[in-house]
1. Could you work out the helix-only [θ] at 222 nm for the chain, with each DSSP H run of four or more residues adding -39,500 (n - 2.57) and the total divided by the number of residues, to the nearest 500 deg cm²/dmol?
2. Give me the distance in nm between label points sitting 7 Å out from Cα along the Cα-to-Cβ direction at residue 64 and residue 52, one decimal.
3. If we count other beta carbons within 10 Å of each Cβ, what is the order of 67, 54, 59, fewest first?
4. Compute the label zone of residue 26 within the stretch 50-66: residues whose backbone N is under 14 Å from the point 7 Å along Cα-to-Cβ.
5. Taking the chain as the reference, fit the longest principal axis to its C-alpha atoms, fit the long axis of helix 12-23 to the helix C-alpha atoms, and give the angle between the two in degrees, 0 to 90, nearest 10.
6. Fewest to most neighbouring Cβ within 10 Å: what's the order for 65, 26?
7. What Kirkwood hydrodynamic radius do you get for the chain when you take the inverse of the mean 1/r over all pairs of distinct Cα atoms, in Å?
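Just so you know, all these numbers are worked out from the coordinates, no wet-lab data involved. Remember, predicted model here, so these are calculated numbers, not experimental data. Using ideal geometry, Cβ is built from the backbone for each residue, glycine included, and neighbour counts are taken over all protein chains shown.
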């Protein structure tokens, strides 16, 4: 069982570290643009005090693009 909550400003440092550990860098390049997912909105999935998932996204007008999507629990 887990809960989902929005990323807060207090989360930004560990989200940055998460990106480095799980994606190899805090910077992403997509569609010829640079993104720093830790600076964008997202959600954290937690089981007790442990982070088990993370999603970050960017809103452009009426479109939403997922920048990163991670689950530490296979199939969830």
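1. Details: 1 runs with 12 residues, N = 76.
Rounded to the nearest 500, the figure is -5000 deg cm²/dmol.
2. About 2.1 nm separates the two model spin labels.
3. The fewest-first ordering by Cβ neighbours comes to 59, 67, 54.
4. none
5. With rounding to tens, the tilt is 80 degrees.
6. Values: 65 13, 26 16.
Fewest-to-most ranking of 65, 26: 65, 26.
7. Numbers: mean 1/r = 0.0777 Å⁻¹.
Result for the chain stands at 12.9 Å.
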